Amino acid sequence: MVAVVTSSGDDDYKGLSNNTNDNWIKDKGLRRLNIGIALMYASAAANGFDGSLMNGLLALPEFSKNLGDVNANILGLIIAGISLGGTPSFIPASYFADHFGRKASIGIGSLIMVCAAITQAATHGRWAFLGTRLMMGIGLAFAQTAAPPLTTEIAHPRHRGVVTAIFQAIWHWGAIVSAAVTFGTLHVYSSWSWRVPCLLQALFPAIQLVGLTIVPESPRWLVSKGRNEEALQVLARYHANGDADDSLVQFEFNEISEAIEIEKFLNSKTGWLSFISTKGARRRLAICILVGFMIQWAGNGIVSYYLAPILKTVGVTDPNQQAGINLGLQVWNAICAAGGALAAEKYGRRPLWLISTVLMLIFFVIVTALSATFAEKQIKAAGSAVVAFLFLFFGSYDIAYTPLSIAYPVEILPFHLRAKGLSLNLTVVFATGFFNQYVNPIALEAIAWKFYFVYIGCLFSFIFIIYFLFPETKGRTLEEIALVFDGAEAATDAHYNLQAVNGGKNMFPLKPEAEQVA
């Protein structure tokens, strides 16, 4: 069955025929591709597993025995171990992914994580545990730097927006597994109560290794290495069931090839200097850095890693109650993040960013007020209300900050900056996360709920940053998004040929003749 390619938004390639079934499940090429992409999401799930793991472990009496009598400084260092290992590893990982390929970087990272999980489950004592968390962070950096670019670069055009947004939304499914496992081992009265959850950190990296046997290498990476024929065959096999002459495949191949040549032409500076070479590149750089900061300093970090201590401050001290709330919160997060991922392609990125931030600000102010009421007057109802509003706060966070935290930086970056830009974004995420995780327990111990005012100030400033800096990108191919930042000079001949096919519709601004690439 020949489908006509459609997507929301501009639908610039809707007139092109494509040798695929409208229902991807019934299409051999798309079915294999999308299953492989789903397995690549395992790096996000692995990251989520850790995010909930420390909440669960801190509620286990046997884990507390393993750590011994630790003060807030050491506890913060242990919790931040993955951030400490990952922060200096992202940028080297981007060079590795650009030179050796996306799949190689994912494979190395996944193997490191498997080894770290097995070793961690066999350790004893706080410092050995910290060492394996550092190792886990390094592996996660290599996998997480390459997996999002790979999934978005191999996805079919009509699926790309959703595929990219869903990636980070899978974070919560890893968190659900972690919360469920630690809840289940709560009544195991031996060291296996915490060793089993630690060992299961190997599950998602192992799934990703299986996925690498299914997915192809990025056709954009292949073109960048001069392997154009291989790139064309990848596009043909997975986007048109082997038809290399398919109209959509030919458009994609020409668009990718020309866009990479234009990137080389427009960016005479190489490497990191390309980020400051043009106005569009500088705007992308600012967004990558700001998104990395925003997703950690929206107030979520203080709850994600310190849920148990926060619950204690509002009167919820029973470990069973804490574990149950943690599990329920992760299920709620997963549902909201999935909804946000689907809404991003339907309603656009900017509306979700703005709505999410405004709602978080409102709910976090309420959480602060209720926490203060409980702390000052010991009103139990106020403490219970904090839990309810934390759920509302996280639901607001999930509709944009979870799905777009990876999707937005990945899609706005051109190929030659994609791995480096994402690695910079993730470096900021882990660096601010490390600071957050290390400082939060000290601040909570010292000033309790008053520390929340820092995050209220951050959320207020984020509204203005999003409004003035973040452009809309929905409904465009990766190469077409360059037009939003770089204007006419980023348009390829494939774009103008498509304009002619669509009856001369003025989809792209006129390209200055002097800037065309032969």
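The values are calculated or read from the model by the stated rules, or taken from the named source; none is laboratory data. Everything quoted here is computed from the prediction, not taken from an experiment. Virtual Cβ from ideal backbone geometry, glycine too; neighbours counted across all protein chains shown. Heavy atoms of the whole protein, side chains included, go into the accessibility calculation; ligands, DNA and RNA do not. Shrake-Rupley method; radii C 1.70, N 1.55, O 1.52, S 1.80 Å.
Restricting to region 216-263, what's the tally of residues that are of a type outside the set (Lys, Arg) and not in a helix (DSSP H, G or I)? Qualifying residue count, region 216-263: 10. Against the numbered list (1) open to solvent by 10 Å² or more (accessible area, probe 1.4 Å); (2) over 22 Å from HIS156 (Cα atoms); (3) not basic (Lys, Arg), GLU230 comes up short only at (2).
For region 391-402, indicate whether the set of residues that are at pLDDT below 90 and either open to solvent by 10 Å² or more (accessible area, probe 1.4 Å) or of a type in the set (Lys, Arg) (or both) is non-empty. Scanning region 391-402, I find at least one residue that is at pLDDT below 90 and either open to solvent by 10 Å² or more (accessible area, probe 1.4 Å) or of a type in the set (Lys, Arg) (or both), so the answer is yes. For region 71-117, a residue qualifies if it is under 23 Å from THR213 (Cα atoms), open to solvent by 10 Å² or more (accessible area, probe 1.4 Å) and of a type in the set (A, V, I, L, M, F, W, C), and the qualifying residues are PHE96, PHE100, ALA104, ILE108, LEU111, ILE112, VAL114, CYS115. Go through the residues of region 404-415 one by one and say whether even a single one is farther than 21 Å from ARG102 by Cβ and charged (D, E, K, R). The answer is no; no qualifying residue exists.
The residue that is modelled with the lowest pLDDT, counting only those in region 17-69 that are open to solvent by less than 40 Å² (accessible area, probe 1.4 Å) and not in a helix (DSSP H, G or I), is ALA59.
State yes or no: is ILE106 closer than 30 Å to SER191 by Cβ and among the β-branched types (Val, Ile, Thr)? It is false that ILE106 is closer than 30 Å to SER191 by Cβ and among the β-branched types (Val, Ile, Thr). Against the test of being out of contact with any Phe, Trp or Tyr (no Cβ under 6 Å at 6 or more places or on another chain) and in a helix (DSSP H, G or I), the options ILE74, ILE108 yield a single qualifying residue, ILE74. Going through (1) closer than 25 Å to THR87 by Cα; (2) in contact with a helix residue (DSSP H, G or I) (Cβ under 6 Å, 6 or more places away or on another chain); (3) surrounded by fewer than 24 Cβ atoms within 10 Å (Cβ to Cβ) one by one, VAL454 falls short only on (2).
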